[in-house]
Structures are given as C-alpha cells and as structure tokens.
Amino acid sequence: MEQRQSPTQRPEITSEHLSKVVAEIFLYGLTPKEREDVKDVQTKIIDPSDLGGQKLEQDLRQELSELDTPEGYEETKRLARGELRLLPPDFLEQILEHFKELVKNLPAGHSKGHFLRDTINLLGILRDPKFDEKIDEVELLVGIVAGVFHDIGNSIVDRYKDKSRIGAHAEVGAVVFGKYAKGVIPPNLTKLIKYAIAAHTNYSRDGNVTLENGIELPRTPYIDEAEGDNRESMQIARQTDRLDLTNFAHVVRDILVHVEPIQDFNRRKNSFIKYDFLSSLSFDAKKGMGVINHEVTFDKFFSHDSKYFTQALMVPGAGDLALLYSVIAPDKAIELIDDIERNDPTSAAWLREQVKSSEESISVARNRFIMASEIPGAVATFKNICRVVEPAEDLESRLESFEQQFQLLPTEDQKTWTRGFLFMADVLMERWMNRLDSFIQDPHLGSKITSTDPAIQAQFEEHGRHLYNFAQQIMLSMKELAAQV
C-alpha cells in the first residue's frame with residue numbers, strides 16, 4: 001500500500017475535495033490498485049493460522065484491558081482530553097480517505113451505502129434533547145467516530161462468520177481503525193474509539209463461540225457501564241448502528257444478505273439462528289418468514305434509549321415496516337405494532353395512525369391484480385432499489401442469485417412480493433429518503449459539551465460543521481445514484 005501521510009504533511013481536505021471522495025466511493029467500484037490494497041490490508045490483519053481470530057481478540061483485549069475498570073477508563077479519558085486540541089478540524093475526512101478502498105469493498109448487506117448512511121443517522125441522534133444537558137466532550141467525540149467507522153471490519157472479514165470467530169467483525173474493525181488512525185488521531189482517543197468499535201455489537205450476556213474446529217470459547221461482553229461512568233460513547237455508536245436496522249432500508253439489506261445461507265445472532269435467544277433465501281421470503285409461517293419476522297430493535301434490552309431516540313427516530317423507521325407488512329402480510333403488521341405496544345403504547349398508537357392514514361395506498365397495493373408477466377418488471381424495479389440502498393462490489397452477483405432463487409418461490413409468493421416491490425418504489429423509497437434528509441442539520445457540537453473552555457467549544461463547533469458537510473455530501477451522492485438507476 002502507498003505510504004500514508006501524517007496530518008502535518010497533508011493539506012486540509014476542502015468541501016470540494018470531500019465531495020469528490022464521497023462521490024467516488026458511492027458511485028464507483030474498486031480500481032485494480034485499490035483491490036490489491038484491500039488484499040494487502042486483509043493479509044496484514046487476518047492471519048489464516050489464527051483460527052477464529054483468537055490471537056487477534058486476545059491482543060486487542062490485552063491492549064484495551066485498562067478500559068475494563070472504572071479507574072483505567074477515567075485515566076484514559078483524562079489523557080484523551082488533553083489530546084483533543086491535537087485533532088485537525090478535518091480528521092473525519094482524513095480517516096475516510098485513508099479508508100476509501102475498504103469502504104468501497106464492503107459487501108451487500110453491510111455495504112458502503114449502509115456505512116455512509118450511518119453518518120446521516122448519527123446527525124439524527126445528535127439532535128436528541130438529552131444532549132442539551134451536556135455530554136463529556138471525550139465521550140461525544142469517541143461516540144461520533146465509532147458511530148461513523150464501527151462497521152469497517154466487514155470489509156475484510158465475513159460478517160456472518162461471527163458465529164465461529166471470537167475475533168469477529170467488531171474486533172477486526174477496531175484493529176483496522178487503530179492502524180489507519182495513526183498520525184491523525186492521538187493514541188488515547190484512538191484507544192477509546194477502538195473499545196467502542198469492538199463493543200458496538202452489544203453482546204450483553206456471556207455466551208460461547210464455537211470455532212470451525214469445534215472448540216468452544218467463552219465470549220465475554222465489553223464493559224459498557226461501571227460504577228461512576230456511563231460510557232455514553234458506546235451507546236452513541238450502538239444507536240448509530242441500530243438506526244439502520246428497523247426500517248425500509250433493512251428489508252432491502254435483509255433480502256440481499258439471505259441470498260446466501262447464513263447464521264445470524266438472535267438477541268432474544270442469545271444464540272445464532274440459521275436462515276436461507278426460500279425460508280426467509282416464504283409467507284408460510286412454518287418455513288420461517290425471516291425477512292418479515294424481523295426482530296424489533298427497540299425494547300427492554302435497550303434501557304439507555306431516550307424517548308426521543310425511540311419515538312422520533314426508531315418508530316418512524318418501524319412505520320416503513322408497518323406499511324410494507326400491511327401490503328404483503330397484514331397479520332405481521334398487527335403483530336409488529338402489538339409487540340411495540342408492550343413497551344411503548346404511545347409509539348404503537350402513532351404507528352396505527354400511520355397505517356390508517358395510508359389505507360388507500362395500502363389497499364390499492366395489496367389488492368392489485370398481478371399477472372405473471374408483471375413479475376420480472378417488479379424484480380427489475382427492486383434490483384434498482386438495491387443499487388441505491390446497497391451499492392457494493394458484490395451487488396450484481398447477489399442480484400443475479402436473487403433473481404434466480406426468487407423464481408423458485410411459489411407463484412403466489414412471487415406475486416405478493418411483486419406488490420411489495422412496487423409499493424417500495426411508489427411509497428417507501430421517498431419516505432425513507434425524506435427522513436434521512438431531515439436528519440441533516442448542523443449539530444452545533446460546541447453547545448453540547450461539558451467543557452466551558454471557549455477554545456474547545458469552538459473546536460467542537462468546527463467538528464460539527466465538518467460532520468454536517470460530510471453527511472450533506474453523502475446525501476447528494478445517494479440522490480445522484482438514485483437519478484442514475
């Protein structure tokens with residue numbers, strides 16, 4: 001790989017330059033040299049002889065072990081606070097440029113689209129009124145950076161090998177981030193960011209990982225709360241990750257992921273569950289219905305969530321699911337809302353109103369007569385939606401596999417999904433894009449921190465403007481891509 005320059009060697013990344021970098025990532029695939037660079041990074045990070053990433057995980061845990069205690073965590077924060085002034089104003093853009101080839105290499109399901117959208121989702125989270133009550137500036141900065149970069153490990157390790165890796169995508173992402181952050185982010189800040197990235201998967205209970213050779217190892221959760229510290233940075237990173245789960249985009253991601261048989265973590269069962277394409281898209285409850293049985297990701301497991309996060313951010317996304325399910329599986333729409341009502345009656349009432357106010361469009365879509373000859377056109381429409389939501393290096397091969405397997409579904413299931421695909425194009429896509437657009441505002445970070453130092457407040461205001469500009473450029477690229485397909 002080419003030698004990375006230090007901040008002192010690099011000119012500040014301008015808005016025009018950022019626009020070009022984001023557009024290049026979003027609109028174009030890997031160049032031959034970038035592909036070789038990715039292989040080089042993978043070779044350096046992933047040792048084939050390190051079964052299940054045992055050594056990688058052990059080394060990472062050892063490096064970050066002081067953060068497992070309240071005293072060690074607070075001392076690292078104290079040191080990190082002294083490093084804040086060393087951050088260049090465009091440090092996010094510098095890291096993004098360092099990561100450019102890895103972001104482009106992210107696979108469908110956890111693609112560069114999902115990765116970059118997390119920056120937009122983060123701005124939505126930072127509008128939470130709870131931040132008006134101030135947050136420690138180190139926690140805020142660490143949460144922002146981990147929120148943007150937490151999924152980078154998926155570029156060089158299979159996300160769905162987590163079931164057999166103790167050094168899984170989160171740990172790999174933390175290690176990769178540490179290597180790329182050198183020369184841009186000081187060491188103690190980097191250490192806290194790596195911990196938040198490693199912890200973003202939020203395995204809240206002890207469990208086990210069975211390696212590919214059958215050996216079982218304990219999986220220990222990262223410490224996200226201890227007496228005297230709440231570690232808000234980890235909650236910010238986790239919420240940023242979850243905000244792209246319960247919504248229209250996740251249905252698209254889920255379908256693409258299930259093109260191949262996978263095992264994914266089920267939080268309620270605290271174990272990995274098997275999924276395949278036909279059972280995931282089947283409307284026969286006995287066969288699974290994986291895509292329309294999606295786990296609701298705001299409930300009693302997430303006690304740190306504010307009312308704003310749940311009701312202003314997560315619930316409107318769940319509205320996408322309620323509307324789609326009302327078209328293709330009305331019983332599941334009722335089940336979804338009833339499930340939410342057990343934890344949040346106010347949100348459930350809002351969702352019922354959303355469904356009621358959309359009754360006409362739902363009825364038209366649900367009762368639409370579909371001829372067999374219309375199915376290929378709807379599949380083509382869905383494939384174009386995928387190209388906007390999940391642009392990825394492997395997307396076209398996954399779409400080819402999707403189309404082949406889709407034809408194996410019963411004809412009536414194909415027709416039902418056809419109604420759903422057309423409803424996505426006619427209603428849900430615009431609804432989702434508009435919601436993302438509404439998140440993009442200057443977060444005014446200087447007013448959200450506990451520090452009363454005018455220089456630090458001004459510095460955080462500048463970081464917020466850069467984050468805002470970053471998100472704007474991502475949205476512009478999304479719209480440009482949507483106009484092309």
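The table below gives the values:
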quantity	calculated
Estimated vicinal HN-Hα couplings, Hz - the range 212-219 in sequence order (Karplus 6.51, -1.76, 1.60; Gly, Pro = x)	5, 8, x, 6, 9, 10, x, 10
Principal-axis tilt of helix 187-198 within the chain, Cα atoms, nearest 10 degrees	20
Cα-based shape type of the range 329-399, given that a ≥ b ≥ c are square roots of the gyration tensor eigenvalues and the cut on a/c is 1.5	oblate
Within-12-Å neighbourhood charge of Glu403 [Cβ basis; K, R +1; D, E -1]	0
Hits among lysines - C-alpha to C-alpha of Lys356 under 22 Å, sequence gap 8 or more where chains match	Lys332
Leading residue at positive end of dipole, the chain (Cβ point charges), from Ala458, Phe248, Ile152	Phe248
Residue exposure sequence - Met424, Met433 - by fewest surrounding Cβ within 10 Å	Met433, Met424
In degrees, nearest ten, helix 70-83 long axis to first principal axis of the chain (Cα)	80
The chain - mean residue ellipticity at 222 nm from DSSP helices (-39,500 (n - 2.57) per run, n ≥ 4, rounded to 500)	-18000 deg cm²/dmol
Amide hydrogen neighbours beyond the local backbone of Ile449, cut-off 5 Å, H modeled	Ile135
C-alpha long axis of helix 112-125 to longest principal axis of the chain, angle in °	70
Three-way shape label, the range 75-136, alpha-carbon gyration tensor, a/c 1.5	oblate
Flagged links, alpha-carbon separation over 24 Å, of Lys20/Lys383; Lys77/Lys182; Lys20/Lys104; Lys77/Lys134; Lys44/Lys100	Lys20/Lys383
Lys, Arg +1 and Asp, Glu -1 on Cβ, resulting dipole of the range 20-158 about Cα centre, debye, nearest 20	560
Protection-proxy order for peptides 366-376, 58-68, each taking the mean of Cβ atoms within 10 Å per residue, highest first	58-68, 366-376
Proxy reagent accessibility, fewest Cβ within 10 Å first, across Glu260, Glu412	Glu412, Glu260
Assigned charges on the beta-carbon of Lys, Arg, Asp, Glu; the chain dipole about Cα centre (debye)	560
The range 95-229: C-alpha gyration tensor shape, a/c 1.5 cut-off, then a/b vs b/c	oblate
Placed amide H near Gly207: partners under 5 Å, 5+ positions off or other chain	Arg219
Fewest-first sequence of Thr416, Thr69 by Cβ atoms within 10 Å of each Cβ	Thr69, Thr416
Positive minus negative residues near Asn384 (Lys, Arg vs Asp, Glu; Cβ under 15 Å)	-3
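Taken together, the values in this text are just the output of simple stated rules run on the coordinates, not laboratory data. What you see is a predicted model, and the numbers here were worked out from it, not measured in a lab. Because the Cβ atoms are built from the backbone with ideal geometry, glycine has one as well, and the counts that use them run over all protein chains shown.
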